[in-house]
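For reference, the structure discussed in these notes is given below.
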């Protein structure tokens with residue numbers, strides 16, 4: 001953005017709303033790219049120009065629906081809250097998200113990936129992600145004190161939407177965590193990068209995971225996030241209540257969590273009809 005004062009006002013508005021640092025950076029970046037493309041300050045851009053830019057993003061840059069929605073969201077804050085204009089006059093509708101089913105790994109595939117992971121730090125990070133359902137950014141942001149082995153919980157601080165939550169700590173994960181701690185002695189972050197004052201980068205962990213998937217011979221287009229999808233799906237398959245899974249994942253809506261109903265394996269023959277419990281006998 002050309003005007004520093006405009007950028008500062010945008011950042012202030014989002015901080016007041018308690019937006020996460022990542023969201024603030026993303027929104028500012030969206031407006032910066034908009035401004036650069038049109039060679040205009042964002043407050044000088046017309047409705048027609050903004051829609052032309054969105055069409056360029058869709059047709060030429062092939063950006064995701066999520067990125068388009070982010071751009072619209074950033075522009076709405078600028079128009080309504082910074083410039084004091086009526087958003088309704090812009091008549092900009094958000095595009096519908098394509099309803100893709102998540103890539104889910106079987107338990108056997110998870111074991112194969114872990115077996116192909118020779119680095120102790122990476123293996124511990126992958127195992128923690130699968131056993132807790134945490135997102136990549138949440139894993140790298142963990143500190144040693146977030147692991148509560150007494151209560152068998154993991155504290156996820158300021159997750160997506162700036163919300164904190166607790167998730168479960170697997171009993172069988174404790175020996176691995178303790179071995180990892182004895183070797184690396186993490187201080188500020190549980191998974192530190194080359195500098196102990198910095199966390200392991202998301203890009204590094206994501207790239208390594210992709211490499212391990214390839215080495216294990218799995219052909220699915222699995223990403224680090226697939227560990228989270230697999231955690232939720234496997235919980236559902238073993239009979240965990242959907243509401244509990246929602247809480248562990250930190251979803252704001254049960255509708256978001258319900259997507260796992262479409263990918264879990266359920267055996268209809270194992271389902272008992274409620275009629276069987278009515279104890280009705282013919283006279």
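Values in this text are rule-based calculations from the coordinates and carry no lab data. Source: prediction; values computed, not measured. For neighbour counting, all protein chains shown are included, and Cβ atoms are generated from backbone atoms with ideal geometry for every residue, glycine included.
Global dimensions of segment 4-90 from alpha-carbon coordinates: Rg and Dmax equal 12.4, 35 Å. First check a/c for segment 107-262, with a ≥ b ≥ c the square roots of the eigenvalues of its C-alpha gyration tensor; if it is under 1.5, answer rounded, and if not, answer prolate when a/b is larger than b/c or oblate otherwise. Oblate, since a/c reaches 1.5 and b/c is not below a/b.
Relative to the longest principal axis of the C-alpha atoms of the chain, give the angle of the C-alpha long axis of helix 47-59, reported between 0 and 90° and rounded to the nearest 10°. With rounding to tens, the tilt is 40 degrees.
The calculated FRET efficiency for residue 22 paired with residue 183, based on their beta-carbon distance and R0 = 22 Å, is about 0.15.
Modelled spin-label separation between residue 108 and residue 201, with each label point placed 7 Å from Cα along the Cα-to-Cβ direction: 3.7 nm. Can you compute the equivalent ellipsoid semi-axes for the chain, i.e. the square root of 5 times each eigenvalue of the Cα gyration tensor, sorted largest first and rounded to whole Å? Output for the chain: semi-axes of 39, 28, 19 Å. With a cut-off of 11 Å on the backbone N, the residues of segment 115-142 near the modelled label site 7 Å out from residue 238 along Cα-Cβ are 131-132.
Projected onto their three principal axes, the Cα atoms of segment 4-53 cover extents of 31, 19, 16 Å, largest first.
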